[in-house]
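For reference, the structure is listed below as structure tokens.
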Amino acid sequence: MSTAQQVPDILSPEFAADPYPAYRVMRESAPLFWHEATQSWIVSRYEDVERVFKDKAGQFTTDNYDWQIEPVHGKTILQLSGREHAVRRALIAPAFRGSDLQEKFLPVIDRNSRELIDGFRHTGSADLVADYATRFPVNVIADMLGLDKADHARFHRWYTAVIAFLGNLSGDPEVAAAGDRTRVEFAEYMLPIIRERRDNLGDDLLSSLCAAEVDGVKMSDEDIKAFCSLLLAAGGETTDKAIASIFANLLVNPDQLAAVRADRSLIPRAFAETLRFTPPVHMIMRQSATDVELSGGTIPAGATVTCLIGSANRDERRYENPDRFDILRDDLTATTAFSAAADHLAFALGRHFCVGALLAKAEVETGVDQLLDAMPDLRLADGFDPVEQGVFTRGPGTLPVRFTPVTG
């Protein structure tokens, strides 16, 4: 069994500042080790994380979400398995693919992006995080659900508290208390809206969830509330960080920014490479159902397993020059990057592959396209170098840019 003596601790300031060198050390000398503070086994190589996510032998569960997610969201689809999971996913999934996504929600995405850009397109400067990325996906989700976007500040506060709770690896009691408050506040806000919507169904996603039925099964008010909570947190935080990261990566690689600007069909490639190079979610946990042998040793049954997506996506055994951002790399397939056949791990894989992946793709493609149109000579503010923040989720905390306003 490998030891982690020489690996910077995942809770250390050194790791938070730049985890990538630590990931490299883990992959090389400690691909599996016990982390006392989080009471979990740390897994860092691509082949091992992929195996945990795909779980073809039924060796891993999401039972860890009983304590990691349920206290803030209530019981969600992430915790379900087998038939219960399949039915619940069948109730939810249609809204996030095919005709519903194309006809109902692409206009919502387009409109929300334009509204935000209109707020700064004539100024010549913006912070792409504060002015756009943190607002856009949450506004889209609120609009999709038929909620009042005037409540944006509350939504943002809630999902920030939820993500902090999920990433509370050190067990900070204040973060735990804020997560608990959020669960109560969100339920008080959401349950009356769900009950009212059941009596007055409309054309929004919340109405679809209220009406959806598969094999005689409908979602309860509590099920819908938990899913909306999950959607705001997972869809808000991750797409927010993905949009900020795609621009940070392109701005520090001006040749690739120029290529994307000239050929917008490269946007999916830029997004896929961003998901590999700087994924919004750096770690996802699972629980072992049996003893499982991985690189470097055996995980005992019933253990929590922390899968380091941020490390696996930079595994030199899987990708050539993994620490280089390259939208044209030939070992990443953009056409499958947003499906369960993806060859990066940012959306997980297998039966718990991110149900909102195509929604995220639509948001990012629309957002990047419109921002490039509005800012033809987009550049970083003088002297600014993008810096990632976060451990559990990670992305630029701020991204000040300058551009010449488009007139007319």
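Quick one: would you say D203 is touching a residue at least 40 places away in the same chain (Cβ under 8 Å), out of contact with any Cys (no Cβ under 6 Å at 6 or more places or on another chain) and not in a helix (DSSP H, G or I)? Yes, satisfied. For the stretch 394-408, the tally of residues that are within 23 Å of the chain's Cα centre (by Cα) and surrounded by fewer than 20 Cβ atoms within 10 Å (Cβ to Cβ) stands at 3.
If we scan the stretch 347-363, do we find a residue that is within 20 Å of N249 (Cα to Cα), over 13 Å from the mean Cα position of the chain (by Cα) and not hydroxyl-bearing (S, T, Y)? Within the stretch 347-363, one or more residues are within 20 Å of N249 (Cα to Cα), over 13 Å from the mean Cα position of the chain (by Cα) and not hydroxyl-bearing (S, T, Y).
Does the stretch 219-234 include one or more residues that are open to solvent by less than 20 Å² (accessible area, probe 1.4 Å), farther than 20 Å from A312 by Cβ, modelled with pLDDT under 95 and not in a helix (DSSP H, G or I)? So far as the stretch 219-234 goes, yes, one or more of its residues are open to solvent by less than 20 Å² (accessible area, probe 1.4 Å), farther than 20 Å from A312 by Cβ, modelled with pLDDT under 95 and not in a helix (DSSP H, G or I). Among the numbered criteria (1) part of a loop (DSSP other than H, G, I, E, B); (2) under 17 Å from the mean Cα position of the chain (by Cα); (3) closer than 23 Å to L32 by Cα, which single criterion is violated by R314? Unmet for R314, out of (1) part of a loop (DSSP other than H, G, I, E, B); (2) under 17 Å from the mean Cα position of the chain (by Cα); (3) closer than 23 Å to L32 by Cα: (2). Please name all residue pairs, on different chains or six or more residues apart, with Cβ atoms under 8 Å, provided the first residue is in the stretch 104-118 and is touching a residue at least 24 places away in the same chain (Cβ under 8 Å) and the second residue is open to solvent by 90 Å² or more (accessible area, probe 1.4 Å) and charged (D, E, K, R). Here the result reads K104/D203, each pair linking the stretch 104-118 to a residue that is open to solvent by 90 Å² or more (accessible area, probe 1.4 Å) and charged (D, E, K, R).
Residues in the stretch 368-385 that are out of contact with any Ser or Thr (no Cβ under 8 Å at 6 or more places or on another chain) and open to solvent by 30 Å² or more (accessible area, probe 1.4 Å) were compared, and the one that is nearest to H122 (Cα to Cα) is D373.
Can you name the residue in the stretch 31-49 that is touching an Asp or Glu at 6+ places or on another chain (Cβ under 9 Å) and not polar (S, T, N, Q) and is also farthest from V7 (Cα to Cα) among such residues? Top of the filtered list is E47.
The values are calculated or read from the model by the stated rules, or taken from the named source; none is laboratory data. Keep in mind that what you see is a predicted model, and the values were worked out from it rather than measured. Neighbour counts run over all protein chains shown; Cβ positions are idealised from the backbone, glycine included. The protein model used for the area step is the full one, side chains on, heavy atoms only, and it has no ligands, DNA or RNA in it. Shrake-Rupley method; radii C 1.70, N 1.55, O 1.52, S 1.80 Å.
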